[in-house]
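Beneath this line is the structure, given in structure tokens, with notes to follow.
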Amino acid sequence: MEGEEKGGASGGVRDGEVRTAAVSLETLRKRMADFATERDWEQFHSPRNLLLALVRRGGGELSEIFQWKGEVPKGLPDWDDDEKEHLGEELADMLLYLVRLSDMCGVDLGRAALRKMEINARKLQC
């Protein structure tokens with residue numbers, strides 16, 4: 001999703017516009033939709049294509065980061081800043097594809113996630 005792929009889902013940050021405040025899923029959804037529209041990429045953003053891109057990221061590029069690390073402790077204390085930054089970029093790609101996929105499928109991802117957490121909590125109470 002670096003933006004170099006045709007039809008990539010990258011939300012595009014404008015020249016250094018990185019914010020540290022919490023970002024809502026709705027903000028990401030809107031930015032992704034605008035980004036795709038500006039580039040005429042909606043034609044490539046079918047649910048199937050977005051799912052395949054998401055799987056490629058998760059199954060390939062993200063897994064590759066951990067491939068030779070073995071088990072790693074919480075917080076990744078042995079990783080250097082570049083490794084953590086790379087991991088963050090790949091996780092962000094996955095999130096952006098997932099947000100875009102949910103939007104193209106008409107699913108409110110935040111609501112679905114909260115509902116799923118409630119279902120899982122009820123399962124544990126049984």
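Close contacts from segment 94-114, counting a first residue that is touching a residue at least 40 places away in the same chain (Cβ under 8 Å) and assigned to a helix (DSSP H, G or I) and a second that is among the polar types (S, T, N, Q) and buried (at least 19 other Cβ atoms within 10 Å of the Cβ), with Cβ to Cβ under 7 Å and a gap of 6+ residues or different chains, come to Leu96/Ser10; Leu109/Ser102. The residues in segment 85-120 that are open to solvent by less than 80 Å² (accessible area, probe 1.4 Å) and either touching a Lys or Arg at 6+ places or on another chain (Cβ under 7 Å) or farther than 30 Å from Thr37 by Cβ (or both) can be counted, and the count is 8.
Looking at segment 40-58 only, could you name the residues that are within 14 Å of the chain's Cα centre (by Cα) and either open to solvent by less than 60 Å² (accessible area, probe 1.4 Å) or aliphatic (A, V, I, L, M) (or both)? Residues satisfying the conditions are Leu50, Leu51, Leu52, Ala53, Leu54, Val55, Arg57, Gly58. With respect to the conditions (1) surrounded by 16 or more Cβ atoms within 10 Å (Cβ to Cβ); (2) hydrophobic (A, V, I, L, M, F, W, C); (3) modelled with pLDDT under 95; (4) farther than 12 Å from Met104 by Cα, Leu25 lacks only one, and its number is (3).
Could you check, for segment 71-82, whether at least one of its residues is more than 13 Å from the chain's Cα centre (by Cα), farther than 21 Å from Val23 by Cβ and among the β-branched types (Val, Ile, Thr)? Yes, because at least one residue in segment 71-82 is more than 13 Å from the chain's Cα centre (by Cα), farther than 21 Å from Val23 by Cβ and among the β-branched types (Val, Ile, Thr). Figure legend. Inter-residue proximity from segment 45-56: first residues among the hydrophobic types (A, V, I, L, M, F, W, C), second residues modelled with pLDDT under 95 and not in a helix (DSSP H, G or I), beta-carbon distance below 7 Å, spacing 6+ or different chains. Indicated pairs: Leu50/Ala9; Ala53/Ala9.
The values are calculated or read from the model by the stated rules, or taken from the named source; none is laboratory data. Quantities reported herein were computed from a predicted structural model and do not represent experimental measurements. All Cβ positions, even for glycine, are placed from backbone atoms using ideal geometry, and neighbour counts span all protein chains on display. Each accessible area value is taken on the protein alone, full model and side chains, heavy atoms only, with ligands, DNA and RNA left out. Shrake-Rupley method; radii C 1.70, N 1.55, O 1.52, S 1.80 Å.
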